[in-house]
Amino acid sequence: MVPIGQHLANLRRKGGLGKDPKRAAQRAQQLTAIDPDWNCPWPLDWQRHYRVLADLVDADGVLPYIAPGVTFEGDDIGTWRWRQQEPGTWAQLCPSSGSG
């Protein structure tokens, strides 16, 4: 068995949905029906940090104070949380509109 997070990371890789283009397109469509953001354009570590904090909000209705350096499963969610308030951080999540 492979943990679901690792499995999805493998699916997001080039060729992760299979070598047959028709079958890969069908699989992508099925995954999109389950979760439109399954193949998000932003970094997976961003999504993982976000999910941890979103779960905390879902549990208590508010995000508790989390100091920089507080970790969850080895990830520094405290530093990540505060970095989200820095100008330009969110802009990095969007595909560039320039000539990348």
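Taken together, the values in this text are just the output of simple stated rules run on the coordinates, not laboratory data. Because the structure is a prediction, the values reported are computed rather than measured. As a convention, Cβ positions derive from the backbone with ideal geometry for all residues, glycine included, and neighbour counts pool all protein chains shown.
If amide hydrogens are placed 1.01 Å from N in the peptide plane, which non-local residues have theirs closer than 5 Å to the one on F72?
I77
Taking the simple approach of a point 7 Å from Cα along Cα-to-Cβ for both Q92 and I34, what is their distance in nm?
Taking the two extended label points, one gets 2.9 nm.
For segment 44-93, just run the numbers: alpha carbon Rg, then divide by 2.2 N^0.38 Å, N being how many residues it has.
The reported ratio for this selection is 1.11.
If I stretch the segment between Q47 and V70 completely, what's the gain in nm (0.36 nm per residue apart, minus their alpha carbon distance), one decimal?
Length difference between fully extended and current span is 6.5 nm.
Just name one of L63, G15, W82: the one whose Cα is farthest towards the positive end of the charge dipole of the chain (beta-carbon charges, Lys/Arg +1, Asp/Glu -1).
G15
Kirkwood Rh over Cα pairs of segment 11-65 into Stokes-Einstein at 20 °C, 1.002 mPa s: D in µm²/s?
Value of D from the Cα-based Kirkwood radius: 163 µm²/s.
For the chain, take the longest principal axis of its alpha carbons; what is the angle in degrees between that and the long axis of helix 44-60, to the nearest 10 within 0 to 90?
For helix 44-60, the angle is close to 60 degrees.
In whole Å, largest first, what are the principal axis extents of the Cα atoms in the chain?
So the three principal-axis extents are 47, 41, 24 Å.
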